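> Sharing a structure here in structure tokens format.
Throughout, read-outs are computed from the coordinates displayed, never taken from laboratory work. Given the structure is predicted, the values throughout are model-derived calculations rather than measurements. Every residue, glycine among them, receives a Cβ derived from its backbone with ideal geometry; neighbour counts consider all protein chains shown.
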Amino acid sequence: MNPAGFSVTWPGRGEPVPPGAHGPSPQIYALVPASAGGSAGPTITAGSSDPAGSAAPACASATTGSAAGAVLVGDGARIAEAHPALQTHGLGPVGATQLVYLDPPYNRGGSFDGYHDNMPRHEWLGYIEARLLVARDLLADTGTVWVHLDDAEAHRVRCVLDEVFGVEAFIADLTVESNPKGRQLDRFFAGSHDRLMVYARNPEKVALVGGIAAAVDPSDFPHVDSDGVNYRLLPLRNTNKRFNPRTTPTMSYPLHGDPDTGAVSVDPAPGMVEILPVFGDLTPAVWRWSRDRARERVDELVCRTVRGRSGPRVDIYQRDRHEAGRIKKLKSIWLSQEVGSTDTARAELRAAGVDGFRTPKPEALMRRIVELATGPGDLVVDLFAGSGTTAVAARDLGRRWVVIERNPDTVRNVLLPRLTAGGT
Ligand SMILES: C[S@@+](CC[C@H](N)C(=O)[O-])C[C@H]1O[C@@H](n2cnc3c(N)ncnc32)[C@H](O)[C@@H]1O
């Protein structure tokens, strides 16, 4: 039970699973040397032995020194067994991973290239719980786990996530448009989205950026400043009606301004009028900035006459500049125009000269996740590697990465050829 005292149960929960039931102990099958940096795959040192049969590590010693990435074959839940071998390449994941991504079989009863998706519900939930516990051990204090599912099982897994990571560790339950046309073969509604659940290892220390530069719309900044930088005018008044001089007295104070020149002062000055924050109906409001902040950043403030509901009045605005590096928070619905779809993902595989994997994720989606959750050089782990989209995104963004896939044929025929081709 987690510290919030929340727990869930289901038939068979906690029953031991026979060793090897979900795949063998992981073997390092291929390494990308650190010197390869973000470049494409010809530098991969792939195992000489067949990952299907070999009991010995395929190429744990093929390269010494630090590696940028590793492909493992085996059961993702047993990744810690490969920790010592990965450690010798600077990729030891336990307690050091910034992003753990899980894109498991969704348990919808399908059968795909190389894997089945039809476990009894309670068994599947236990299988997911085991991997969430592993993810928790892998994560650094600043890290996050991202679990990709659809609406068939997501609500049950949310409960398990709450228990494993803690209710207060919840960050987001994102909706990702995966099939913009909708699956017309579905019985009632044409399914078109996935769920992407994000939890922190430690909500006090988590390092996650919720926004990206590409989400900033330049047309939101219509004015041009004297140095050529675009800006917009934001009311300095707090527009949230919950805040007023009674609830937030320290944010209620007079500013002074001249609507003809635009000049603003915290203290009274010749030619300036006193301005108190008010809502449109002239009821008292409060500023968004404290008096000290207004004094420090007075150059960013502008005095203007506005035509309000109750006639013209003088108000204060913040000149909000579109500086380089500015980011905007992402919305919790991610559209396929921004992050691609399953069709896009399949086209990306074909463009890399690879076929035969039906459930890849699009590269733009994985790039977005990796960018939000990690910084350069951070370690990314994918416990259900599939076609290797996470490896491609992490490699292209200069992160270190470890991906593990149970099916050796998928590694041999899809993942490695894709990495070697250098992605799309
Ligand atoms: C939905 S796919 C992942 C797709 C991947 N995100 C991509 O972009 O290609 C799930 C993958 O997990 C693999 N898998 C299933 N159980 C596994 C396990 N216990 N350990 C490692 N991989 C597993 C399956 O073979 C399949 O390739």
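> Which of GLY76, GLY12, GLY398 moves most in a GNM of the chain, Cα contacts under 10 Å?
Maximum among the listed residues: GLY12.
> Next up: Given springs between every Cα pair under 10 Å in a Gaussian network model of the chain, which of ARG368, ARG195, ARG246 has the largest fluctuation?
Judging by the Gaussian network model, the answer is ARG246.
> Considering Cα pairs under 8 angstrom that are at least six residues apart, work out the relative contact order of the range 293-424 and quote it in whole percent.
Worked out over the range 293-424, it gives 19 percent.
> Sort 129-141, 311-323 by the packing proxy (mean of other Cβ within 10 Å over each peptide's residues), most packed first.
Going from most to least packed, we get 129-141, 311-323.
> Using modelled amide H (1.01 Å from N, peptide plane; none on Pro or chain starts), what sits under 5 Å from the amide H of GLY95, excluding residues fewer than 5 places away?
LEU138, LEU139
> Could I ask something else about it? Please state the relative contact order of the range 217-321 as a whole percent: Cα pairs under 8 Å, 6+ residues apart?
Once divided by the residue count of the range 217-321, the mean separation gives 31 percent.
> I'd like to verify something in the chain: which complete DSSP H helices, judged by Cα projection on the helix axis, reach 18 Å or more and average at least -1.0 on the Kyte-Doolittle scale?
121-138
> Choose one of TYR127, TYR253, GLY143: the residue whose Cα lies farthest towards the positive end of the charge dipole of the range 117-268 (beta-carbon charges +1 Lys, Arg; -1 Asp, Glu; about the Cα centre).
TYR127
> Another one. Run the dipole for the range 115-260 about the Cα centre, Lys and Arg Cβ at +1, Asp and Glu Cβ at -1, nothing else charged, and hand back the magnitude in debye, nearest 20.
Approximately 420 debye in magnitude.
> On to the next question. Taking the Cα centre of the chain as origin, work out the dipole magnitude from +1 charges on Lys and Arg Cβ and -1 charges on Asp and Glu Cβ, in debye rounded to 20.
Computed about the Cα centre, the dipole is about 700 debye.
> Of the options GLY280, PHE221, TYR317, report the single residue whose Cα projects farthest towards the positive end of the charge dipole of the range 217-321 (beta-carbon charges: Lys, Arg +1; Asp, Glu -1).
GLY280
> Can you show me the helix-derived [θ] at 222 nm for the chain, built from DSSP H runs with n ≥ 4 at -39,500 (n - 2.57) apiece and divided by the number of residues, rounded to the nearest 500.
After summing the helix terms and dividing by residue count, I get -5500 deg cm²/dmol.
> Would you calculate the separation in nanometres between label points at GLN337 and VAL224, each defined as 7 Å from the Cα along the Cα-to-beta-carbon direction?
2.7 nm
> Quote the relative contact order of the chain in percent (integer), defining contacts as alpha-carbon pairs under 8 Å separated by 6+ residues.
That works out to 19 percent.
> Calculated FRET efficiency, THR283 and ARG108, Cβ-Cβ r, R0 56 Å, to nearest 0.05?
0.55
> Assigning unit charges at the beta carbon (Lys, Arg +1; Asp, Glu -1) and nothing else, what dipole magnitude in debye, to the nearest 20, does the range 217-321 show about its Cα centre?
Dipole of the range 217-321, to the nearest 20 debye: 580 debye.
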